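Below you'll find the structure, written out as C-alpha cells, and then a few comments.
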Amino acid sequence: MKILIMGLSGSGKTTLARNLVKVLETANHTITYLNADSVRELSDDWDFSYDGRIRQAQRMVNYANESKNDYIIMDFICPLEETRNIVKADFTIWMDTIDKSVYHDTDALFEKPDNVNIKIDDFDYTIDDIVSKISYK
C-alpha cells in the first residue's frame, strides 16, 4: 500500500511519517520510507521548477515501485494535482496544519487537494486513529 503524507514544508509530514513507520513496524509490517528531501539528495537534484517537481514525483514513484514491502510511506510536499496523479497513492493524508511555509514559491503554487483520505487540520487524530483508517482501506 502506497501512503502519501503531503502538505507544506513544516506542516508535520516527517514527524507523522516517522511515527507511522514505528507503529507499523511494531505490528510486524515491512515499510519503505521515502522522504522527498532524501530522495532529491540521492539524485543531487534541487530543481524546484515545474519540470523538477514532475521529475521528483516520478522519481518517488520509481523508488516506491521497487519496494516489495507492505507499506510505502511517501513524505512529500507534492504541491500539484499533477504530481499527486503521478504518485497515485492508495491512501493520502493531507497535513493542512499551516497556511505558509518558509518556501513562498511552493506556497504560491500549492494546490489544495480535493480528494484525501485524512485531512489533518488540527491534532485531534492520534496515530492509532490513522493506523485504523489505513487498515480498513
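How many residues, within region 68-80, are closer than 18 Å to residue 21 by Cβ and either open to solvent by 20 Å² or more (accessible area, probe 1.4 Å) or in a helix (DSSP H, G or I) (or both)?
Number of matching residues: 4.
Looking at residue 83, is it of a type in the set (S, T, N, Q), under 16 Å from residue 36 (Cβ atoms) and part of a strand (DSSP E or B)?
Taking the combined requirement at face value, the residue does not satisfy it.
How about region 81-109: which of its residues are open to solvent by 60 Å² or more (accessible area, probe 1.4 Å) and of a type in the set (Ser, Thr, Tyr)?
Selection gives 103 alone.
Given the conditions (1) closer than 23 Å to residue 109 by Cβ; (2) touching a strand residue (DSSP E or B) at 6+ places or on another chain (Cβ under 6 Å), report the number of the one that residue 80 does not fulfil.
(2)
Could you check, for region 101-110, whether at least one of its residues is modelled with pLDDT of 95 or more, assigned to a loop (DSSP other than H, G, I, E, B), among the hydrophobic types (A, V, I, L, M, F, W, C) and over 22 Å from residue 33 (Cα atoms)?
The answer is yes; a qualifying residue exists.
Among the listed residues 11, 43, identify the single one that is under 19 Å from residue 129 (Cβ atoms) and either of a type outside the set (A, V, I, L, M, F, W, C) or free of Cβ contacts under 8 Å to residues at least 60 places away in the same chain (or both).
On inspection, the qualifying residue turns out to be 11.
Restricting to region 31-58, name every residue that is outside any strand (DSSP E or B) and of a type in the set (S, T, N, Q).
Within region 31-58, the subset outside any strand (DSSP E or B) is 36-58.
Listed by number, the residues that qualify are 38, 43, 49, 56, 58.
Considering only residues that are acidic (Asp, Glu) and under 19 Å from residue 105 (Cβ atoms), look in region 1-59 and name the one that is least open to solvent (accessible area, probe 1.4 Å).
The initial filter retains those residues of region 1-59 that are acidic (Asp, Glu), namely 25, 37, 41, 44-45, 47, 51.
Of the ones still in play, those that are also under 19 Å from residue 105 (Cβ atoms) are 37, 45, 47, 51.
On the way: 37: 90, 45: 21, 47: 53, 51: 98 Å².
Among residues in region 1-59 that are acidic (Asp, Glu) and under 19 Å from residue 105 (Cβ atoms), the one least open to solvent (accessible area, probe 1.4 Å) is 45.
Exactly one condition in (1) surrounded by 11 or more Cβ atoms within 10 Å (Cβ to Cβ); (2) among the charged types (D, E, K, R); (3) out of contact with any Phe, Trp or Tyr (no Cβ under 8 Å at 6 or more places or on another chain) is not met by residue 128; state its number.
The failed condition is (1).
The values are calculated or read from the model by the stated rules, or taken from the named source; none is laboratory data. In this text the structure is predicted, and so the values were computed from the model without any measurement. Virtual Cβ from ideal backbone geometry, glycine too; neighbours counted across all protein chains shown. We work out accessible area using only protein heavy atoms, side chains counted, and drop any ligands, DNA or RNA first. Shrake-Rupley method; radii C 1.70, N 1.55, O 1.52, S 1.80 Å.
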